[in-house]
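First up is the structure itself, then whatever we jot down about it.
The values are calculated or read from the model by the stated rules, or taken from the named source; none is laboratory data. All figures in this text were calculated on a predicted structure; none of them were measured in a lab. As a convention, Cβ positions derive from the backbone with ideal geometry for all residues, glycine included, and neighbour counts pool all protein chains shown. These accessible areas exclude ligands, DNA and RNA; they are computed on the full protein's heavy atoms, side chains included. Shrake-Rupley method; radii C 1.70, N 1.55, O 1.52, S 1.80 Å.
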Amino acid sequence: MSKEEFLRLEFAKGLAKDLGRFAKSKINSLSWTKTKSGFYDVVTNIDVEVENRVKEAVLKAFPQDSILGEETGTSESEAANPDNLLWIVDPIDGTTNFSKGVPHSCVSIAIVENGEPKVGVVYDPFMDEMFEAIKGNGALLNGKEMHVSEMSELEKSVLNTGYQYSAVNMRKKVLSDYEAFFGKIRALRIFGSAVLDLCYVACGRIDGFWEYELKPWDMAAGSLLVKEAGGVIVDLLSEEFSIYSKSILATSSTLLPEMMKVLKA
Ligand code: IPD
Ligand code: CA
Ligand code: CA
């Protein structure tokens with residue numbers, strides 16, 4: 001692990017924790033909630049405030065770095081120099097939960113070099129759980145090593161999924177996947193935070209997760225956490241997974257063939 005990565009990891013953890021706690025303190029007193037497009041894509045004043053505060057702090061501490069955030073897009077420096085380290089931020093993942101007072105959401109920060117996540121930090125303020133990884137160094141949950149589950153039997157597995165509310169073009173595929181798993185697994189969950197879904201695969205609480213049409217800020221930190229926890233990440237629609245992929249499957253190598261059989265059927 002380089003000194004640069006370590007410094008940024010510690011900085012990202014501090015930010016995610018402080019801002020996650022700030023978001024938690026505001027969950028029942030939001031100033032505004034609105035939709036970005038259609039009637040599904042919710043944003044609150046806290047999403048925007050958290051993202052602005054991350055941007056300000058990162059650009060002050062690491063002025064050579066760039067930032068891509070869900071709510072405010074890219075910093076000027078990214079456009080200027082695509083070789084910079086890129087911080088990818090989801091200020092609140094699980095905004096629909098958050099906007100309804102459901103305590104299941106998180107702050108997600110990834111640091112990416114040439115499209116590859118090097119550092120991943122996710123903080124869930126409601127469980128006081130910090131998930132962290134540096135590429136090549138394993139993954140931790142609250143400072144302890146975490147691993148994906150060793151599940152290999154589909155019928156005993158508990159899976160997680162979600163759907164991108166705006167992706168009406170995926171409706172048939174989404175519904176046929178649910179149907180395909182029906183009667184073959186122990187349970188299917190939709191918790192409403194793709195980032196935490198990935199974290200839950202990484203720490204073995206959930207045996208597998210898949211979703212279509214996610215964005216880099218939904219996948220960058222979580223995909224690194226899963227890989228560093230010994231799991232596998234697959235793009236269901238293309239050869240190789242990248243944080244810009246249009247689909248993601250996260251599971252253990254032991255359950256992967258079983259999940260693929262169903263999802264590719
Ligand atoms: C959403 C959540 C949700 C997933 C959606 C995402 P947001 O992100 O991760 O679980 O199903 O596809 O857009 O809007 O809460 O940051
Ligand atoms: Ca998100
Ligand atoms: Ca978000």
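Could you check which residue among Lys246, Lys34, Lys17 shows the biggest mean-square fluctuation in a GNM of the chain with a 10 Å Cα cutoff? Maximum among the listed residues: Lys34.
As a calculated quantity, the FRET efficiency between Arg189 and Asn142 at R0 = 22 Å, using C-beta atoms, amounts to about 0.50. GNM on the chain, C-alpha springs below 10 Å: top fluctuator among Ile185, Ile88, Ile134? With Cα springs under 10 Å in the chain, the top fluctuation among Ile185, Ile88, Ile134 is at Ile185. Label sites at Met260 and Thr72, each approximated as a point 7 angstrom past Cα along Cα to Cβ, lie 4.2 nm apart.
Calculate how steeply helix 216-228 sits against the longest principal axis of the alpha-carbon atoms of the chain, using the helix alpha-carbon long axis, and give the answer as 0 to 90 degrees to the nearest 10. On a 0 to 90 degree scale, this one is about 70. Considering only Thr96, Thr35, Thr161, the Gaussian network model of the chain with Cα springs below 10 Å gives its largest mean-square fluctuation to Thr35. Note that the chain presents 46 Å² accessible area per residue, ligands and nucleic acids not counted, probe 1.4 Å. In the chain, helical runs assigned H by DSSP with n ≥ 4 each contribute -39500 (n - 2.57); averaged across all residues and rounded to the nearest 500, the mean residue ellipticity at 222 nm is -10500 deg cm²/dmol.
By accessible area, using a 1.4 Å probe on protein heavy atoms only, the chain has 51% of its surface on carbon and sulfur. Placing dummy labels 7 Å off each Cα toward the beta-carbon, the span from Ser242 to Lys173 is 1.8 nm. For the chain, the relative contact order works out to 17 percent when only alpha carbon pairs closer than 8 Å and six or more residues apart are counted. The length gained on full extension between Trp32 and Lys60, counted as 0.36 nm times the residue separation minus their Cα-Cα distance, comes to 7.3 nm. For the pair Glu10/Asp128, report the inter-label distance in nm, with labels modelled 7 Å from Cα in the Cβ direction. Result for the modelled spin labels: 2.3 nm.
Taking the C-alpha atoms only, the angle from helix 45-61 to the longest principal axis of the chain is near 60 degrees. Net length available on complete extension from Ser166 to Ser253 is 28.2 nm, with 0.36 nm assigned per residue and the Cα-Cα distance removed. If you line up the long axis of helix 171-181 against the longest principal axis of the chain, both from Cα atoms, how many degrees apart are they, to the nearest 10? Approximately 50 degrees, to the nearest ten.
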